[in-house]
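Q: First, the structure itself, so that you have it in front of you.
The values are calculated or read from the model by the stated rules, or taken from the named source; none is laboratory data. All figures in this text were calculated on a predicted structure; none of them were measured in a lab. Cβ coordinates were reconstructed from backbone atoms using ideal geometry, including for glycine residues, and neighbour counts include every protein chain displayed.
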Amino acid sequence: MANTIQDNYAIPSQTESLRTDEENGKLGKDDFLKILMEQLQNQDPMNPMDDKQFASQMAQFSSLEQMTNMSQTMEEFSNSQKAGSLVKHSELIGQEVAWERTIENENGTEETEEVTSTIASVRKDGEGNIRLLTDDDRWINSEQLLQVGSVSSGDETQTNDTQD
């Protein structure tokens, strides 16, 4: 007779592995709770888990759940702000704006120049960025805006409001 254990007497192996977050390979809050429950079920009855350890792990779980909920809430808030951005930028239609563009001069170095235009249209591109159509048929990013409304041409010195 051989000294081997038959498969039907062996301890069954765990068939369901812990799920990980598909994007970054991290365990989720449900997985953390499953691990905690497995610890409780499989602890040594003669040497049970310390109450302080259990309380600490439950506090960690509670903290993890609160942070997950806060993260979801912040993401929802951010998405709602992005959704209203197109409507907010539509107020620029018909407005005179100053915007900055980068050009390459004869020396091959890049310089920025300020351009004045009137906004004709607003749209959101495929990446969610707000794009503005100027009266000279150029699409610019909203991040290029320097000033909105009554843009004066030329470099004027600023007036000092603290005069007596």
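Q: Considering segment 118-164 alone, what residues qualify as being of a type in the set (S, T, N, Q) and at pLDDT 90 or above? Please lay out each step first, then the result.
A: Of the residues in segment 118-164, the ones of a type in the set (S, T, N, Q) are 118, 121, 129, 134, 141-142, 144, 147, 150, 152-153, 157-160, 162-163.
Correct list: Thr118, Ser121, Thr134.
Q: Determine, yes or no, whether Leu27 is surrounded by 11 or more Cβ atoms within 10 Å (Cβ to Cβ) and at pLDDT below 75.
A: For Leu27, the condition - surrounded by 11 or more Cβ atoms within 10 Å (Cβ to Cβ) and at pLDDT below 75 - is met.
Q: Go through (1) more than 30 Å from the chain's Cα centre (by Cα); (2) closer than 16 Å to Leu145 by Cβ one by one and return the number of the condition Glu110 breaks.
A: (2)
Q: Could you identify the single residue in Ser90, Ser80, Ser71 that is under 29 Å from the mean Cα position of the chain (by Cα) and surrounded by 13 or more Cβ atoms within 10 Å (Cβ to Cβ)? Break it down stepwise before answering.
A: On the way: Ser80 fails: surrounded by 13 or more Cβ atoms within 10 Å (Cβ to Cβ); Ser71 fails: surrounded by 13 or more Cβ atoms within 10 Å (Cβ to Cβ).
It is Ser90.
Q: Okay, moving on. Scan Gly108, Gly128 and give me the residue that is surrounded by 10 or more Cβ atoms within 10 Å (Cβ to Cβ) and either at positive phi or in the same structural domain as Asn79 (by TED's automatic domain parsing) (or both).
A: Gly128
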